[in-house]
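S.K.: To start, I am sharing the structure in question, which I have written as structure tokens.
The values are calculated or read from the model by the stated rules, or taken from the named source; none is laboratory data. Being a predicted model, the structure only gives us computed values, none of them experimental. When we count neighbours, we look across all protein chains shown, and the Cβ atoms used for this are built from the backbone with ideal geometry, even at glycine. To get the accessible areas, we keep the full protein, side chains included, count just its heavy atoms, and leave off ligands, DNA and RNA. Shrake-Rupley method; radii C 1.70, N 1.55, O 1.52, S 1.80 Å.
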Amino acid sequence: MWDWPAHRIHRALAAGEVSAVEVATAVLDRCDAAEGLIGAYVHRRERAEVLADAAAVDEALRRREPLQPLGGVPVAIKDNLSTTGMPTTCGSRILAGYVPPYDAAVVERLVGQGAVALGKTNMDEFAMGSSTEHSATGPTRNPWDLERVPGGSSGGSAAAVAAGTATLALGSDTGGSIRQPAAFCGVVGLKPTYGRVSRYGLVAYASSLDQVGPLCRDVRDAALVLGAIAGGDRRDATAHPGALPDYESALRPDCRGLRLGVPREFLAEGVAPEVRAAVAAAVDLLGELGAEVEECSLPTVSYALDAYYVIAPAEASSNLARYDGVRYGLRAGGGGDYAGVFARTRGEGFGPEVRRRIMLGTYALSAGYYDQYYGKAQRARTLLCREFDAALARYDALVTPTTPTPAFGLREKTADPLQMYMSDVCTVPVNLVGLPALSLPCGFVSGLPVGLQLIGRAFDEETVLRIGYAYEQAADLGRRRPPVAAMGAGA
Amino acid sequence: MSAGEGAAAVAGRYETVIGLEVHVELATKSKMFCGCPTDFGAPPNTQVCPVCLALPGALPVPNEQAITYALRASLSLECRIDPGCRWDRKNYHYPDLPKGYQITQYARPLAREGCLRFTAADGQERSVRIRRLHMEEDTGKSTHEGMPGGTTGVDLNRAGVPLIEIVSEPDLRSPEDARLYLQALRTLLLYTGVSDVRMEEGSLRCDANVSLRPEGSEEFGALVEVKNMNSFRSVQRALEYEAARQAAALDAGERIVRETRHWDERRGITFSSRSKEEAHDYRYFPEPDLGPSALSEGFIEAVRAGLPELPAARLARYAALGLTPYDAGVLVADPPLADYFDRMLAAGAAPREGVALLTVELLGRLNAAGVAISDPRCRVRPEQLADLQRLVGAGTISGKVAKTVLEEMLASGEDAQTVVARQGLQQISDTGAIAKAVAEAVAAHPQSAADYRAGKRQALGFLVGQVMKATRGKANPSLVNQLLEDALREG
């Protein structure tokens, strides 16, 4: 049961074949067995609390109350989403012990639907990183190879879903932080359109790029979760208030009538030949499913990473200014004046990658450098938007690899930030243009999963979900489980 | 050197050039970006929420009422409105700035290029150009009061209260004009109803930029910013001092340094402050949590149509009614008083006589009792005061009796007619009745009559008093005079 997708749990609960307590127990047992190897969680709720929530779902079912799509589904929550009953530390020392007095909008919506929260998942500090190694509590390991990283920054969420220690998980994606770990861990990850899901309660890294989304077992689950968390929110001025489609009913087993573009810049040098081959095979399969496939070009994409590493740190330098030790979180000891306590608190509280990005961003916004860096990066962003708009006027979606390589080794890239940043070269452009993108497994290289990225039009998550679903059904990779799945798996 | 001596030192040789930056707290019920109340004087940190405490993950949502108020102020200052105005972040660290940045408008303010007309010290109408008007949020307050030794308390009740900043061009040419401009601005804002504009409570704050240049020069001198002026009077005093200080420095062959100086009210001087602002680079950039505004033409026009009659128009209207500039000025500077007067006019009061009854008689008594004109304890309604004026105008009662009647009206809340009828205060204009009283007075005071006839004119006054006393003040004074003179001449 611990490896069931949410829609299967839903069917079984609705049919009375299992109880929510049985499902929760299976996943909790799985956690106990595998968590020591994986380290996906930074905080786990007490077993009794989890089971009490599950029992409440069973009780509602006995009262014949309608079962919501995610009712009784065990979920994990990335540690940068505010949660009232649990600490929210963003993988940082500076927020050690901070328990928010309010729930993030997405948490409110999931829990409101009866989803059963298991705990908070590990992440790169303040979502800055691509390996979950930049966490104050230590790294998370990839269930497919414990000596490799799960990707990041939502590495804990991806690893939990892959290892079966959560049925699904929430993550956040600023430059690929849902899609890249989803690709590395062989699960499905969706970054919705910017504005599709409320950011209220998501601890900001780069506000114009951040978006909350699901990491799931399959595409149907991604559709279910999106339906549960999407929609306007009067507490987030950037959340789009429009009516929502029924994402699940958009799923179809074919791609007939769809035009797909394959931008060559995403397959340039730096992309491993095996990844290129896996993507080429996936593109062929999409053609067989009825899609009209064409190569295309987005030349400005080659500037995306540069623009991103100006804009994201610039926003971060401002977003992270609030951690001053005055109101919550860490306050450095030793007394003294505000400036002294402020500096020591931040020096002790932030890790090296966060400090690096704060300094980069502060510099990029400084008088005399603004036009040269931030202004120029914004102009590149505008050009990139135009190119994607033009491409998506011609195609219903774009197909690319999610990452240039499969999961890399632990500590392989920590000494070289630029190498680490390259890992997001295929995902970052999508955040800059705010479009929705789905990552799903499209094969294996040396036993490691490879991710396929589908990029859609703004607020048209339906199309990428539909393509992803058709591909998933036809490719039938779903039965393959990570080796860690065998461990402690008595059932 | 006193400010007065200084003014003399400046006069004739240097021209004083002044521009003002005025911050005004808007009188909205809730804060600029959250729903917290804005009430003044609540216990520290009781009017706060995740947004204005800058908890991780909280997001700003603009207050529509604040935007409407800011727009009203902009339109009343005849500004050009930017419908696509935008929010920016102003970054700096200070304990009372919880986010580490202030949300303000930098590159695209709500309004530009307005003007404010006012009557200058020389009695001439002057127009000062408004460079820009933008919206922003207030900071919290740091306090040392009641805090253990050496520590600072932070009260965030004020953090996030909506402000507008109104920046004038350097069009003012004397400290007195600066004060008059500020008072005219205050009156205008009172009219628009967007703020209490109380300098003492800090809902109106003023900084000044002042420089000198030789008379006849076109070039501006080095600019000095003067801060910490807490009343209209201190604005004038501080600027007089500062102009004189600069004149003395220039006379001594010194260069004026561009700097910020603080006004010390007690010592009556400005002193140089190496303030945090000077060394600061605010690293402004567009606020990513808020999109650009899209103020519709319809919305702007609806706000414009909702503007009340503004002070300039009201002054012109009163002048046309024959009021003296002084009386008109007194009324217009006090909107509730002018509203009261307008209701008197509507009830048929004669303008010039009505204004005297209002500003001298009624207001004098209310001021003595410490009651405001708009206070319900002022029991005389404008329509009742108009009736009283009409009784005087029609000769039904004398001006002297009117004062007695007004006292009674204030005490009982009764109409003028009721008081006059009950107390039998109708003026006696019946020649026969007055002649009888005159005869009696002359007969009773033969010495006074003789004195008068002997050329002592002041004896008449005594006899008039006797007649008025006998008629309980009701006799028509001019008839009494006339009949007495006749009687004494005949006798």
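S.K.: Compute the Rg/Rh shape ratio of region A:5-156: radius of gyration over Kirkwood radius, all on alpha-carbon atoms. Don't skip to the end; give the middle numbers.
M.R.: Details: Rg = 16.0 Å, Rh = 16.0 Å.
Rg/Rh for region A:5-156 comes to 1.00.
S.K.: Do any chymotrypsin sites (Phe, Trp or Tyr not before Pro) in region A:190-244 lie in a loop, going by DSSP, with at most 14 other beta-carbon atoms within 10 Å of their beta carbon, and if so which?
M.R.: none
S.K.: As an exercise, use a Förster radius of 35 Å and the Cβ-Cβ distance of B:ASN230 and B:TYR326 to find the FRET efficiency, rounded to the nearest 0.05.
M.R.: About 0.80, to the nearest 0.05.
S.K.: Still on this model: Under a Cβ-Cβ cut-off of 14 Å, what is the net charge of the residues other than B:VAL61 that fall near it, where Lys and Arg count +1 and Asp and Glu count -1?
M.R.: Charge balance in the 14 Å sphere: -2.
S.K.: Largest first, how would B:VAL257, B:VAL380 line up by accessible area (1.4 Å probe)? Please report the intermediate quantities before stating the final value.
M.R.: On the way: B:VAL257 95, B:VAL380 5 Å².
Result of the area sort, largest leading: B:VAL257, B:VAL380.
S.K.: Take B:SER374, A:SER154 and sort them by solvent-accessible surface of the protein heavy atoms, 1.4 Å probe, largest at the top.
M.R.: In descending accessible area the options line up as B:SER374, A:SER154.
S.K.: Kyte-Doolittle mean at least -0.5 and Cα extent at least 15 Å along the axis: which DSSP H helices of chain B qualify?
M.R.: B:64-76, B:175-192, B:232-251, B:335-346, B:382-393, B:399-412, B:431-444, B:458-470, B:477-490
S.K.: Going by average Cβ density within 10 Å per residue, which order do the peptides B:166-179, A:161-174, A:113-126 take, highest to lowest?
M.R.: A:161-174, A:113-126, B:166-179
S.K.: OK, next. Considering only protein heavy atoms, what is the solvent-accessible area of B:TRP263 at a probe of 1.4 Å, reported in Å² to the nearest 10?
M.R.: Result for B:TRP263: roughly 0 Å² accessible.
S.K.: Turning to a different aspect of this structure: Does region A:219-329 come out rounded, prolate or oblate by the C-alpha gyration tensor, with a ≥ b ≥ c the root eigenvalues, rounded set by a/c under 1.5 and, if not, prolate when a/b is larger than b/c and oblate if not?
M.R.: Oblate is the answer for region A:219-329, as a/c is 1.5 or above yet b/c matches or exceeds a/b.
S.K.: Taking a temperature of 20 °C and a viscosity of 1.002 mPa s, what whole-number D in µm²/s does Stokes-Einstein yield for region B:226-313 with Rh from Kirkwood over alpha carbon pairs?
M.R.: Calculated translational D: 121 µm²/s.
S.K.: Distance from the Cα centre of region A:214-250 to that of region A:261-327, in angstrom?
M.R.: 22 Å
S.K.: Taking 20 °C and 1.002 mPa s as the conditions, I'd like the Stokes-Einstein D for region A:193-253 in µm²/s, using the Kirkwood hydrodynamic radius from alpha carbon pairs.
M.R.: Once the numbers are plugged in, D ends up at 173 µm²/s.
S.K.: Which percent of Cα-Cα pairs in region A:145-256 sits in each 5 Å bin, short to long?
M.R.: With 5 Å bins starting at 0, P(r) equals 2, 13, 21, 22, 19, 14, 6, 2, 0.
S.K.: Which value in Å does the Kirkwood hydrodynamic radius of region B:309-423 take, with 1/r averaged over all unlike C-alpha pairs and then inverted?
M.R.: Kirkwood radius, region B:309-423: 14.2 Å.
S.K.: Now, a different point. Restricting things to alpha carbons, tell me how big region B:431-490 is in terms of Rg and Dmax, in Å.
M.R.: Final numbers for Rg and Dmax: 10.1, 29 Å.
S.K.: Can I ask one more? Choose one of B:ILE130, B:ILE269, B:ASN228: the residue whose Cα lies farthest towards the positive end of the charge dipole of region B:3-299 (beta-carbon charges +1 Lys, Arg; -1 Asp, Glu; about the Cα centre).
M.R.: So the residue we want is B:ASN228.
S.K.: Using unit Cβ charges (K, R positive; D, E negative) and no other charged atoms, how large, in debye to the nearest 20, is the dipole of chain A about its Cα centre? The partial results should precede the final answer.
M.R.: On the way: 48 positive and 55 negative charges, 150 e Å.
In total the dipole reaches around 720 debye.
S.K.: Specify whether the C-alpha gyration tensor of region B:388-491 places it in the rounded, prolate or oblate class, a ≥ b ≥ c being the square roots of the eigenvalues: rounded for a/c under 1.5, otherwise prolate if a/b is larger than b/c and oblate if not.
M.R.: Note, shape of region B:388-491 comes out prolate.
S.K.: Please list the equivalent ellipsoid semi-axes of chain A, computed as the square roots of five times the alpha-carbon gyration tensor eigenvalues, in descending order and whole angstrom.
M.R.: Taking √(5λ) for each Cα gyration eigenvalue gives 31, 29, 21 Å.
S.K.: Now a separate question. Tally up the carbon and sulfur contribution to the accessible surface of chain A as a whole percent, 1.4 Å probe, everything protein left in place. Could the numbers behind the result be given before it?
M.R.: Values: 8740 of 16700 Å².
Of all accessible area on chain A, carbon and sulfur atoms account for 52 percent.
S.K.: Can you pull the accessible area of A:GLU17 for me, 1.4 Å probe, Å² to the nearest 10?
M.R.: Counting only protein heavy atoms, A:GLU17 exposes about 140 Å² to solvent.
S.K.: Taking a quarter of the surface of the convex hull around the Cα atoms of region A:71-230, what do you get in nm²?
M.R.: 7.7 nm²
S.K.: Which residues of region B:23-58 end up with at least 50 Å² less accessible area in the presence of all protein chains than when their chain stands alone, using a 1.4 Å probe?
M.R.: Buried by 50 Å² or more upon assembly, which counts only protein chains, are B:LEU55, B:PRO56, B:GLY57.
S.K.: Which whole number gives the average count of other chain Cβ atoms within 10 Å of the Cβ atoms across peptide A:92-100? Could the numbers behind the result be given before it?
M.R.: Numbers: counts 1, 0, 1, 1, 0, 0, 2, 0, 5.
So the per-residue partner count for this stretch is 1.
S.K.: Okay, moving on. For a quick check: with amide H placed at 1.01 Å from N, whose amide H comes under 5 Å from B:THR270's, ignoring anything fewer than 5 positions away on the same chain?
M.R.: Here B:ASP264 satisfy the definition.
S.K.: Once Rh is set to the Kirkwood radius over Cα pairs, what Stokes-Einstein translational diffusion coefficient, in µm²/s, holds for region B:57-146 at a temperature of 37 °C and a viscosity of 0.692 mPa s?
M.R.: Rounded to a whole number, D works out at 213 µm²/s.
S.K.: Counting only protein chains, not ligands or nucleic acids, how are B:LYS469, A:LYS78 ordered by accessible area (probe 1.4 Å), most first?
M.R.: Solvent-accessible surface, decreasing: B:LYS469, A:LYS78.
S.K.: Can I ask one more? Using only the Cα atoms of the protein assembly as shown, what do you get for the radius of gyration and for Dmax, in Å?
M.R.: My reading of the Cα-based Rg and Dmax gives 38.6, 138 Å.
S.K.: Kindly identify region B:148-254 as rounded, prolate or oblate by the Cα gyration tensor criterion: order the square roots of the eigenvalues as a ≥ b ≥ c, call it rounded if a/c is under 1.5, otherwise compare a/b with b/c, prolate if a/b is larger, else oblate. Mind dumping the intermediate values first?
M.R.: Values: a/c = 2.57, a/b = 1.49, b/c = 1.73.
Oblate is the answer for region B:148-254, as a/c is 1.5 or above yet b/c matches or exceeds a/b.
S.K.: Over all directions, how big on average is the projection of the convex hull of the alpha-carbon atoms in region B:248-370, in square nanometres? Walk me through the intermediate numbers first.
M.R.: Values: hull surface 67.1 nm².
Here the figure is 16.8 nm², rounded to one decimal.
S.K.: Once R0 is set to 41 Å, what does the formula 1/(1 + (r/R0)^6) return for the Cβ-Cβ distance between B:THR143 and B:PHE220, expressed as a FRET efficiency to the nearest 0.05?
M.R.: 0.60
S.K.: Right, another one. Tell me which residues come under 5 Å, amide H to amide H, from B:ILE428 once H is placed; ignore anything under 5 positions away on its chain.
M.R.: The answer is B:ALA475, B:ASN476.
S.K.: What number, rounded to the nearest 500 deg cm²/dmol, is the helix-based mean residue ellipticity at 222 nm of chain B, given -39500 (n - 2.57) per DSSP H run of at least four residues and division by all its residues?
M.R.: Helix-only estimate at 222 nm: -12000 deg cm²/dmol.
S.K.: Of the options A:TRP2, A:VAL341, A:SER154, report the single residue whose Cα projects farthest towards the positive end of the charge dipole of the protein assembly as shown (beta-carbon charges: Lys, Arg +1; Asp, Glu -1).
M.R.: Farthest along the dipole direction, towards plus: A:VAL341.
S.K.: Additional query: Tally up the carbon and sulfur contribution to the accessible surface of region B:431-490 as a whole percent, 1.4 Å probe, everything protein left in place. The partial results should precede the final answer.
M.R.: On the way: 1830 of 3330 Å².
With neighbouring chains kept in place, the figure for region B:431-490 is 55 percent.
S.K.: Another one. Considering only protein heavy atoms, what per residue accessible area in square angstrom results for the protein assembly as shown with a 1.4 angstrom probe?
M.R.: Counting only protein heavy atoms, the per-residue value for the protein assembly as shown is 39 Å².
S.K.: Something else: Determine the sum of side-chain charges near A:PRO436: Lys and Arg each +1, Asp and Glu each -1, restricted to other residues whose C-beta is under 13 angstrom from that of A:PRO436.
M.R.: After counting each charged neighbour, the total is 0.
S.K.: Please report, to two decimal places, log10 I(q)/I(0) for region B:3-299 at q = 0.06, 0.08, 0.11 Å⁻¹ as given by the Debye formula with identical point scatterers on the Cα atoms and no solvent.
M.R.: -0.21, -0.37, -0.70
S.K.: Once phi is turned into θ = phi - 60°, what whole-Hz ³J(HN,Hα) does the Karplus curve with 6.51, -1.76 and 1.60 give for every residue of region A:16-31, x standing for Gly and Pro?
M.R.: Result, rounded to whole Hz: x, 6, 9, 10, 4, 5, 5, 5, 4, 4, 4, 6, 5, 4, 4, 4.
S.K.: Given the whole protein assembly as supplied and a 1.4 Å probe, what does the accessible area of A:ASP476 come to in Å², nearest 10?
M.R.: Here the residue's solvent-accessible area equals roughly 90 Å².
S.K.: For region A:150-181 and region B:196-233, what is the centre-to-centre distance using only Cα atoms, to the nearest Å?
M.R.: 56 Å
S.K.: Taking the Cα centre of region B:1-131 as the origin, how large is its charge dipole in debye, to the nearest 20, when only Lys and Arg (+1) and Asp and Glu (-1) carry charge on their Cβ atoms?
M.R.: 440 debye
S.K.: Based on Cβ point charges of +1 for Lys and Arg and -1 for Asp and Glu, what charge dipole magnitude is obtained for the protein assembly as shown about its Cα centre, in debye rounded to the nearest 20? Mind dumping the intermediate values first?
M.R.: Numbers: 105 positive and 120 negative charges, 280 e Å.
Computed about the Cα centre, the dipole is about 1340 debye.
S.K.: Further question on the same structure: So what's the back-of-envelope 222 nm ellipticity for chain A, counting only DSSP H runs of four-plus at -39500 (n - 2.57) apiece and dividing by all residues, rounded to 500?
M.R.: My calculation for chain A gives -11500 deg cm²/dmol from helical runs alone.
S.K.: At a Förster radius of 45 Å, what calculated FRET efficiency corresponds to the Cβ-Cβ distance of B:ALA302 and A:ARG386, to the nearest 0.05?
M.R.: Working: r = 35 Å, r/R0 = 0.79.
Once rounded, the FRET efficiency stands at 0.80.
S.K.: In sequence order, what are the phi-derived ³J(HN,Hα) couplings for region A:164-178 according to the Karplus relation 6.51 cos²θ - 1.76 cosθ + 1.60 with θ = phi - 60°, rounded to whole Hz, with x for glycine and proline?
M.R.: Each residue of region A:164-178 in turn: x, 8, 7, 6, 8, 8, 9, x, 9, 9, 10, x, x, 5, 9 Hz.
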